[in-house]
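Have a look at the structure below before the remarks.
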Amino acid sequence: MYRSFRLRAFLTSFTSAFLIFLIVWMAALLMIRPVAPAPSSTALQSSSSVYLPDSSDCMTLLLCEDSPSPSVYLLLRFQPVVGNIFIFPFPQKLVLSLNQVSEPASQIYRSFGINGICQALSQTYPIKVEHYIKLSKEALVPLLDELGSTKIFLEKDFPMDIYNTSVILKKGLQVLDGAKMMQWLLKETPSNFSEQGKFLSKVLADCINQHLSLLEESNSQELFSAVVNSCQTNLTFSDYDARRKAADFLSQIAKDPARPLLPTFIQNEDATLSLSPESLSEFQSAFAENQ
């Protein structure tokens, strides 16, 4: 039962967020302003070839598992003007307000679904959440295989069983394919929902920053189509197609844009959670609509 819980935690929080966000929205919405010195005229023939984003390009997206009760949600804010992707995890016990009624996210989801969570976030905080993606567990494994390998630093030797073969990965930097990544996360993901979200946000940010090549025009359309056809979302192909060239441009100039927010929570008397004042301030700054 405990192993099953860890598997559900991984499938819910990491894989759906990483695959869907990385393949869909980084290809569809994110256009980051270069922070390096301006390229020479030999590198860029004219300024018209450079995409310069403004606040209208920012977008907030809610991600969760397609299940009766997702345990963890990931809220992502795309801030191309400042060159960041903010990742904010929150557990199902976080109290949100919908139509002037305060309830934990789990209850709002049961009553109103993913649209209810989007509306509650918009009413609780000064943000606008219009887009969402839900992915079933059955669709995760084949999508994970589309990702490729990721570099992970192991704190200690790590034994695992891969395709009925026992192997030991040595301490230090290792390159993990999908099967090895799953094994590692099954053992390393914390069981506490709040700590789980923080851990997975860090891993997610690291993986996003490693796989920017998925934004290249030769890669992004096929992956976008595969993901959208496997999930429930209110995104359309036009969201991607209108930004195909900007996504290709990003893949060539962006460096480590993903940044996890690691919130702390206050436990209420009824065992629900609220954001600490410090985390609330950081969250509102990162997700402000006027940026």
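The values are calculated or read from the model by the stated rules, or taken from the named source; none is laboratory data. Only a predicted model underlies this, so the values are computations on that prediction, with no experimental measurement involved. Cβ placement follows ideal geometry from the backbone for every residue including glycine, while neighbour counts extend to all protein chains displayed. Heavy atoms of the whole protein, side chains included, go into the accessibility calculation; ligands, DNA and RNA do not. Shrake-Rupley method; radii C 1.70, N 1.55, O 1.52, S 1.80 Å.
Given Cα positions, please report Rg to Rh for region 179-223, the hydrodynamic radius being the Kirkwood one.
Rg/Rh for region 179-223 comes to 1.12.
Quick check on region 139-237: take the gyration tensor over C-alpha atoms, sort the square-rooted eigenvalues as a ≥ b ≥ c, and tell me if it's rounded (a/c under 1.5), prolate or oblate.
Note, shape of region 139-237 comes out prolate.
Take the Cα of residue 54, step 7 Å along the line toward its Cβ, and report every residue of region 267-291 whose backbone nitrogen sits under 14 Å from that point.
Flagged as within label range: 291.
Grab the alpha carbons of region 71-138, take their convex hull, and tell me the volume per residue in Å³.
Spread over its residues, the Cα hull of region 71-138 gives 100 Å³ apiece.
Would you list, by chain and number, the aspartates and glutamates whose Cα falls below 14 Å from the Cα of residue 198, excluding same-chain residues fewer than 8 positions away?
188, 206
Per residue, how many Å² of accessible area does region 56-109 show with a 1.4 Å probe?
27
Using a 1.4 Å probe on the protein heavy atoms only, what accessible surface does residue 109 show? Give it in Å² to the nearest 10.
Accessible surface of residue 109 is approximately 20 Å².
How much length is gained if the chain between residue 130 and residue 218 is pulled fully straight, taking 0.36 nm per residue apart and subtracting their Cα-Cα distance, in nm to one decimal?
28.8 nm
Report the far tail of the P(r) of region 146-187, meaning the percent of Cα-Cα pairs longer than 11 Å.
Summing the P(r) tail past 11 Å for region 146-187 gives 64 percent.
Hey, which of these cross-link pairs are over 20 Å Cα-Cα: 156/187; 151/187; 151/171; 134/255; 151/255?
With Cα atoms farther than 20 Å apart: 134/255.
Counting other C-beta atoms within 10 Å, and keeping those with at most 15, which DSSP coil trypsin sites (Lys or Arg not before Pro) do you find in region 161-238?
When the trypsin sites (Lys or Arg not before Pro) of region 161-238 are filtered for loop state and at most 15 Cβ neighbours within 10 Å, 170, 171 remain.
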